[in-house]
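> To start, I am sharing the structure in question, which I have written as structure tokens.
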Amino acid sequence: MNSFIQKDLKHIWHPYTQMKDCEKLPPILVEKAKGIKIYDNNGNFYYDTISSWWCNVHGHNHPFIKAAIKKQLDRFEHVLFAGFTHKPAIDLAQKLVEITPQKLQRVFFSDNGSTAVEVAMKMSFQYWKNINKPERNYFVSLDKAYHGDTIGVMSVSGVDLFNSKFKPLFFKSFKAPSPYCYRCPFGEDKDSCALECLKKMENILKAQGKRVCAVVIEPLVMCAAGMLVYPEKYLKGVAGLAQKYGVHLILDEVATGFGRTGKMFALEHVGITPDFICLSKGITSGYLPLGATLTTDKVFSAFYDDYDKLKTFYHGHTFTANPISCVAAGASIELFSKEDSFAKIKDINNQLNLFLDKIRDLPMVGDIRSKGVIGAMELVADKKTKEPFGLNKRVGMEVYRAGLKNGLILRPLGNVVYFFLPICVRSGELNDIFKRAEKVMKKLADDLF
Ligand SMILES: Cc1ncc(COP(=O)(O)O)c(C=O)c1O
């Protein structure tokens, strides 16, 4: 074993990893990365088909983003963001306000996706206190949601595998059934359904609305739940309910933001305006950590008062609005028009759909779903009954292992194998990726059935 890997395994605890698995499958030592390819120390390359955990947008090592970072590094690296400010943050705030719905005029920076959501929740919670509605202490969210890994956002999340052990630490929140169309708990069909799941959310708001601060939701794709692409009418319905019952709408666009669904933000597909939008991951094209929570002047003004009125928002992180992250974000946003990114996303989606169609008949492919650069296959033990593979079967791990052997990073979410492609991927590369993926999936089918 390479000596660096030995040292890694001696000292490092990797995220979302059963470290014992590393005995058989040690981490890969990365030497360089360019575009969609990551190269290891032996000269092998791997297609970064999941955008390095959904954050890389324009490809690794992009000269335009790199130049912006280098330029800023020669000026200054980081300064405190209370009592001081800087042009990178000011420019970025302005850009974010320009590309999000008009009502969102205020930007609060943080440094990751969990904090971007946590900030929105705390702001909403304190908003109601600041306007003398202290009884609003609860949030409504979806039972399979994922909003990050801090205790606060875990309280409004529901991926049991990640969360169930921590339940005693969570604050109470109301959970509505997720629009998981393939396994619709109401037995309805996606295209013709009467949105029974939305009615359940309405029941919660009808009964509890006066005690609720906000509805928190991932728009259009519930990513960590297994890339659950849900109907636009559901999202529109949730926005309508938030308005009807007078509660805030918090849209967590940490994963869906920055082009992933085919528009800059998923909310654009349905033309809704939330009270908060949470951004991170792709904001810097995945080059540096940054989070941003945007909100309205109405929310902001509930905090704006004389100091002794105690309405200040006491929240902040050391690396708030890191200037190098901010310039990376500014450059990444510019690239969308410079590189005609939205036309490219359309092409990626077309090719993705052709691939998914091709493999949908394999015996273990229960469902396929796609939106923008995201495409997923839910693997099942029995196609007719939709019986899932048991956890201990570790089918996902098999796919991951086989993917690596074939130069692909197919890191699954349970039994869901997915693509979350960076926009830089070229048509020839996509053909190659799908050829390799087809080989992996066909071999899996042969092994399993
Ligand atoms: C929708 C969503 N919200 C929040 C987060 C948390 O982001 P981070 O891992 O940067 O804390 C994630 C991460 O996957 C996410 O998918």
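> What are the residue pairs meeting all of these: first residue in the stretch 393-409, first residue in contact (Cβ under 8 Å) with a residue 60 or more places away in the chain, second residue among the acidic types (Asp, Glu) and crowded, with 18+ Cβ neighbours inside 10 Å, Cβ atoms under 8 Å, and 6 or more apart or on different chains?
ILE409/ASP48
> While we're looking at this one, here's another question. If I filter the stretch 101-118 down to residues being in contact with a Pro (Cβ under 9 Å, 6 or more places away or on another chain) and not in a strand (DSSP E or B), which single residue comes out as farthest from the ligand (Cβ to nearest atom)?
Once the filter is applied, the top-ranked residue is LYS103.
> Note down all Cβ pairs under 9 Å where the first residue falls in the stretch 98-115 and is farther than 15 Å from HIS147 by Cα and β-branched (Val, Ile, Thr), the second is at pLDDT 95 or above and assigned to a strand (DSSP E or B), and they're at least six residues apart or on different chains.
Going by the 9 Å Cβ cut-off, the qualifying pairs are THR100/ILE277; THR100/LEU279; THR100/LEU294; VAL107/ALA292; VAL107/THR293; VAL107/LEU294; VAL107/THR295.
> Within the stretch 243-276, can you find the residues that are over 20 Å from PHE108 (Cβ atoms) and assigned to a helix (DSSP H, G or I)?
GLN243, LYS244, ALA266, GLU268, HIS269
> Only residues that are farther than 13 Å from MET441 by Cα, touching a Gly at 6+ places or on another chain (Cβ under 8 Å) and surrounded by 15 or more Cβ atoms within 10 Å (Cβ to Cβ): list them for the stretch 338-358, please.
SER341, PHE342, ILE345, ILE348, ASN349, LEU352
> Then there is this: Could you grab me the full set of residues in the stretch 119-133 that are more than 12 Å from the ligand (Cβ to nearest atom) and closer than 27 Å to PHE166 by Cα?
Correct list: LYS122, MET123, SER124, PHE125, GLN126.
> Which of the residues that make up the stretch 297-318 are touching an Asp or Glu at 6+ places or on another chain (Cβ under 9 Å) and surrounded by fewer than 19 Cβ atoms within 10 Å (Cβ to Cβ)?
Passing the criteria: LYS298, LYS311, THR312, HIS315, HIS317, THR318.
> Taking the conditions exactly as written (in the same structural domain as GLU232 (by TED's automatic domain parsing), buried (at least 21 other Cβ atoms within 10 Å of the Cβ) and either more than 16 Å from the ligand (Cβ to nearest atom) or assigned to a loop (DSSP other than H, G, I, E, B) (or both)), does GLY83 satisfy them or not?
no
> Which of the following residues is under 22 Å from the mean Cα position of the chain (by Cα) and either among the polar types (S, T, N, Q) or under 18 Å from PRO289 (Cβ atoms) (or both): VAL140, VAL156, VAL97, VAL119?
VAL119
> In the stretch 134-179, what residues are more than 15 Å from the ligand (Cβ to nearest atom) and either in contact (Cβ under 8 Å) with a residue 60 or more places away in the chain or not assigned by TED's automatic domain parsing to the domain that holds ALA242 (or both)?
Within the stretch 134-179, GLU135, ARG136, ASN137, TYR138, VAL140 qualify.
> Which of (1) assigned by TED's automatic domain parsing to the domain that holds GLY330; (2) of a type in the set (Lys, Arg); (3) in contact with a strand residue (DSSP E or B) (Cβ under 9 Å, 6 or more places away or on another chain) does LYS129 not meet, given it meets every other one?
It fails just one condition, (3).
> Determine which single condition CYS181 fails, assuming it passes every other condition in (1) in contact with an Asp or Glu (Cβ under 7 Å, 6 or more places away or on another chain); (2) surrounded by 15 or more Cβ atoms within 10 Å (Cβ to Cβ).
With respect to (1) in contact with an Asp or Glu (Cβ under 7 Å, 6 or more places away or on another chain); (2) surrounded by 15 or more Cβ atoms within 10 Å (Cβ to Cβ), CYS181 is out only on (1).
> Select from the stretch 289-303 the residues that are away from the ligand (no atom under 11 Å from the Cβ) and among the hydrophobic types (A, V, I, L, M, F, W, C) and list them in ascending order.
Matches in the stretch 289-303: ALA292, LEU294, VAL299, PHE300, ALA302, PHE303.
> Ok, one more. From the residues in the stretch 365-404 that are touching a helix residue (DSSP H, G or I) at 6+ places or on another chain (Cβ under 7 Å) and of a type in the set (D, E, K, R), which one is nearest to GLY226 (Cα to Cα)?
GLU378
> Would you confirm, using the coordinates I've provided, whether ALA266 is more than 24 Å from SER337 (Cβ to Cβ) and not assigned by TED's automatic domain parsing to the domain that holds GLN351?
It is false that ALA266 is more than 24 Å from SER337 (Cβ to Cβ) and not assigned by TED's automatic domain parsing to the domain that holds GLN351.
> Just to be sure, is VAL327 buried (at least 19 other Cβ atoms within 10 Å of the Cβ), closer than 20 Å to CYS213 by Cβ and of a type in the set (A, V, I, L, M)?
Values: buried (at least 19 other Cβ atoms within 10 Å of the Cβ): yes; closer than 20 Å to CYS213 by Cβ: no; of a type in the set (A, V, I, L, M): yes.
Spelling it out, it is not the case that VAL327 is buried (at least 19 other Cβ atoms within 10 Å of the Cβ), closer than 20 Å to CYS213 by Cβ and of a type in the set (A, V, I, L, M).
> Take the residues in the stretch 233-288 that are in contact (Cβ under 8 Å) with a residue 24 or more places away in the chain and acidic (Asp, Glu); name whichever of them is farthest from the ligand (Cβ to nearest atom).
ASP275
> Would you be able to tell me the number of residues in the stretch 239-273 that are more than 19 Å from ASN56 (Cβ to Cβ) and in contact with a Ser or Thr (Cβ under 9 Å, 6 or more places away or on another chain)?
9
The values are calculated or read from the model by the stated rules, or taken from the named source; none is laboratory data. Every value quoted in this text rests on a predicted model; they were computed, and no experiment measured them. Cβ coordinates were reconstructed from backbone atoms using ideal geometry, including for glycine residues, and neighbour counts include every protein chain displayed.
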